[in-house]
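All remarks here apply to the structure that follows.
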Amino acid sequence: MIRDLTKGSPAKIILVFTLPLIIGNIFQQFYSLADTLIVGRTLGVNALATVGCTGSIMFLILGFSQGLTAGFSIITATCFGAGDRQGVRHSYVASIILSLLMTMVITILSVIFARPILEIMHTPPEIIEGAYNYIIIIFGGIVVSMLFNLFSNVMRALGDSRTPLMFLAIASIINIILDFVFILRFNMGVAGAAWATTISQAIAAILCFIFIMKKMPILKLHRSDWNLTKKIIWDHLRMGLPMAFQNSIIAIGAITIQFALNNLGEISVAAYTAAQKIDILAIQPMMSFGITMATFVAQNYGAGKIERIRIGIKQCCIISVGFSIVVGLFNIFAGHFMILLFVGDKHPKVVSLAQTYLNINGSMYFVLALLFIYRFSLQGLGQTLAPTLAGVMELIMRTFAAIILSKYLGFTGIAMASPLAWVGSCVPLGIAYYITHKKMYGLKNPISEQQ
């Protein structure tokens, strides 16, 4: 359902739009969560480490595609907020063409360099073969990941956050079923988990495309919509590429962490893998509020409703920070039981290390909540410099943790990497938001706070 986010109570609109995003993002995590849970409990800790050591490399590649399509959708949302229907269709066409071109390049490069990167990261010899078999299948299916992200981001740009949720739910169920079939019935090992993820995401992409064709007349394309100008192409690249590179910069930081982690051995890798899956699941609501603000800000910016943007950001900060405190406390006091789901009770060292990770990260979730809102809000306003600098700061802090802290503090030092990265990232984002806030206050429109 297409929704105009420029009308109604900002807090109510934000909550209504975010709730399906939260559920949808949690379902999306079930792709990797189901792989990890089933692999860890059926194939053992070694196989769990095999899947886990590929996470940072996958984020390097797949994160690029996620950032790229998210950037494109900001242009779409801005045009929609401004009431420019032809601009919406031009944006949709530009997003399709640029996404497919980028997919070709990314797929070729990732398949060629997958194994060398695993070797450079000092992936333990006992798991490198399985890790390669897993990741090469994922990389071969980058096109379905790119298309799903493209279609779902376009729908969200037009105010529809519910439909992607429905398709993610279907795909997640299929993913879990295929995990059991490929791993237990056909004995395909970790490769079976990769095939399950790729197939289920392809189904989600197809469902999104069919829905857009049949239910979103605003995206019904005409021949003239394919006549793109250099300005249209440049506007999309100007937004999409910085957001893609931001994710890649963050991913490089994650790779340095994985490098240091591999040197600590498979027990540490398994603990980090299990804890990170829980951590990623926990932060989905904060991330969802951020994603909401990108669409909310872009639509209202296109409509010229500056004061409404300020009100929405303030209210979203209060809601998201409040939630971050609750979920952080849950992970600190109940994370132990979640970890046991992945590794059972026969690996106390893995459980202990994983809980250390959850304690350190959970105590700093409130910083992450603000980071997401600031970053996505600035991106919704068309700003790319500050979010990119924030990504660089994350890289610096994670590298510091990987090289220095891991040497002196071991696994604890590595567990501190994310909170340090969040704090470092908030510095340029906070400064940029403060400056933008002052400018917005000077430009504000006489719009009622109840609007």
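The values are calculated or read from the model by the stated rules, or taken from the named source; none is laboratory data. Given the structure is predicted, the values throughout are model-derived calculations rather than measurements. Note that we place each Cβ from the backbone using ideal geometry, even for glycine, and neighbour counts take in every protein chain shown. Surface accessibility is based on the protein's heavy atoms, side chains included, excluding ligands, DNA and RNA. Shrake-Rupley method; radii C 1.70, N 1.55, O 1.52, S 1.80 Å.
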Could you say whether any residue in region 275-284 is part of a helix (DSSP H, G or I), more than 17 Å from I22 (Cα to Cα) and either at pLDDT 90 or above or open to solvent by 10 Å² or more (accessible area, probe 1.4 Å) (or both)?
-> yes
For the subset of region 62-97 comprising residues that are within 16 Å of H222 (Cβ to Cβ) and of a type in the set (V, I, T), which member is surrounded by the fewest Cβ atoms within 10 Å (Cβ to Cβ)?
-> I97
Looking at (1) in contact with a Phe, Trp or Tyr (Cβ under 6 Å, 6 or more places away or on another chain); (2) within 19 Å of L60 (Cβ to Cβ); (3) touching a residue at least 40 places away in the same chain (Cβ under 8 Å); (4) of a type outside the set (A, V, I, L, M), which is the one condition that is false for R115?
-> (3)
Give region 119-136 a look and list any residue that's assigned to a helix (DSSP H, G or I) and buried (at least 21 other Cβ atoms within 10 Å of the Cβ), or say none.
-> I127, G130, A131, Y134, I135
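Condition check ((1) closer than 16 Å to A369 by Cα; (2) open to solvent by less than 80 Å² (accessible area, probe 1.4 Å)) across all residues:
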position	(1), (2)
C317	yes, yes
V326	yes, no
F333	no, no
F337	no, no
L340	no, yes
G344	no, yes
V351	no, yes
A354	no, yes
Taking region 225-264 and keeping residues more than 21 Å from F411 (Cβ to Cβ), among the polar types (S, T, N, Q) and over 15 Å from the mean Cα position of the chain (by Cα) leaves N227, T229
Cβ pairs under 8 Å, 6+ apart or interchain, first in region 255-267 and assigned to a helix (DSSP H, G or I), second open to solvent by less than 60 Å² (accessible area, probe 1.4 Å) and charged (D, E, K, R), ordered by first then second residue, are T256/R398; I257/R398
Subset tally (residues that are assigned to a loop (DSSP other than H, G, I, E, B) and open to solvent by 30 Å² or more (accessible area, probe 1.4 Å)) for region 4-25 | 4
Would you please name the residue that is nearest to L158 (Cα to Cα), looking only at residues in region 68-112 that are touching a residue at least 24 places away in the same chain (Cβ under 8 Å) and touching a Cys at 6+ places or on another chain (Cβ under 6 Å)?
-> V88
Check whether at least one residue in region 418-434 is in a loop (DSSP other than H, G, I, E, B) and touching a helix residue (DSSP H, G or I) at 6+ places or on another chain (Cβ under 9 Å), and report yes or no.
-> no
Being within 25 Å of G413 (Cα to Cα) and not in a helix (DSSP H, G or I), is that true of even one residue in region 358-377?
-> yes
For M397, work out the one condition from (1) more than 29 Å from V88 (Cβ to Cβ); (2) open to solvent by less than 10 Å² (accessible area, probe 1.4 Å) it doesn't fulfil.
-> (2)
Can you confirm whether region 118-131 contains a residue that is under 30 Å from F72 (Cα atoms) and of a type outside the set (A, V, I, L, M, F, W, C)?
-> no
Are any of the residues in region 227-237 closer than 30 Å to A401 by Cβ and polar (S, T, N, Q)?
-> no
Any chance T384 is within 20 Å of I291 (Cα to Cα), touching a residue at least 12 places away in the same chain (Cβ under 8 Å) and open to solvent by less than 50 Å² (accessible area, probe 1.4 Å) = yes
Scan S73, S56 and give me the residue that is in contact with a helix residue (DSSP H, G or I) (Cβ under 6 Å, 6 or more places away or on another chain) and modelled with pLDDT of 75 or more.
-> S73
Kindly indicate whether any position in region 175-189 is within 14 Å of I206 (Cα to Cα), β-branched (V, I, T) and crowded, with 21+ Cβ neighbours inside 10 Å.
-> no
Any chance S248 is within 28 Å of G382 (Cβ to Cβ), assigned to a helix (DSSP H, G or I), open to solvent by less than 10 Å² (accessible area, probe 1.4 Å) and among the hydroxyl-bearing types (S, T, Y) | no
